[in-house]
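All remarks here apply to the structure that follows.
Every read-out reported here was derived from the displayed coordinates using simple, explicitly stated rules and does not represent laboratory data. Given the structure is predicted, the values throughout are model-derived calculations rather than measurements. Heads up, the Cβs are rebuilt from the backbone with ideal geometry, glycines too, and the neighbour counts pull from every protein chain shown.
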Amino acid sequence: NVELELISNIVDRADFSTVRKKGINQETFSTDEAKTVFRWLWEEFHSPAHPGEVPDKERLRRKFPNFDYRPSRNSIEALTQEILSNKMREELTMVSLEVQELLDAGEDPYLVLTAFLPRMRDLNSQSADTDGLLMAGSAAMLRQEYETKHLAGGITGDRKSTRLNSS
């Protein structure tokens, strides 16, 4: 399972930033197990008690003893792209089926096209390979950032770097 492979590689390489920059969130995953484990990694990475920390393999196994931890040589970037491509394929297939159903039911093709254009534009925007994040695709990330800051009392970051140097 590519989703479990990605999570294993995130833990193995202690690199959560790459998937975060690509806009990956728990809704990107299709399996409940991957969603649950990724949500836990997200919460740990954003925890005010230890910001920016990726749990190690042992901590992952204590929390999820049945998780199939199998890191691979595949890059996090390649696995992320594969997951995003799979999700895009699923969404396009769903749109195609809905369009076909409406056309088979005798709906006006121009109205069908007009109705689905906004959704197709959204999918096209999501597929753009940029380093920026789309607001539409990152609602879960923004919500988690808000909750993290709220729990931390409005301030997040490494406590060591915020101390004044008294020397």
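Brief remarks on what is shown
- Amide H contacts of SER72 (H built 1.01 Å from N, in plane; Pro and chain starts excluded): ASN9 sit under 5 Å, all sequence-distant by 5 or more or on other chains.
- Estimated vicinal HN-Hα couplings, Hz - the stretch 33-43 in sequence order (Karplus 6.51, -1.76, 1.60; Gly, Pro = x): 4, 5, 4, 5, 5, 5, 4, 5, 4, 4, 5
- Burial order of peptide ranges 5-12, 84-91, 62-69 (average beta-carbon count within 10 Å, highest first): 5-12, 84-91, 62-69
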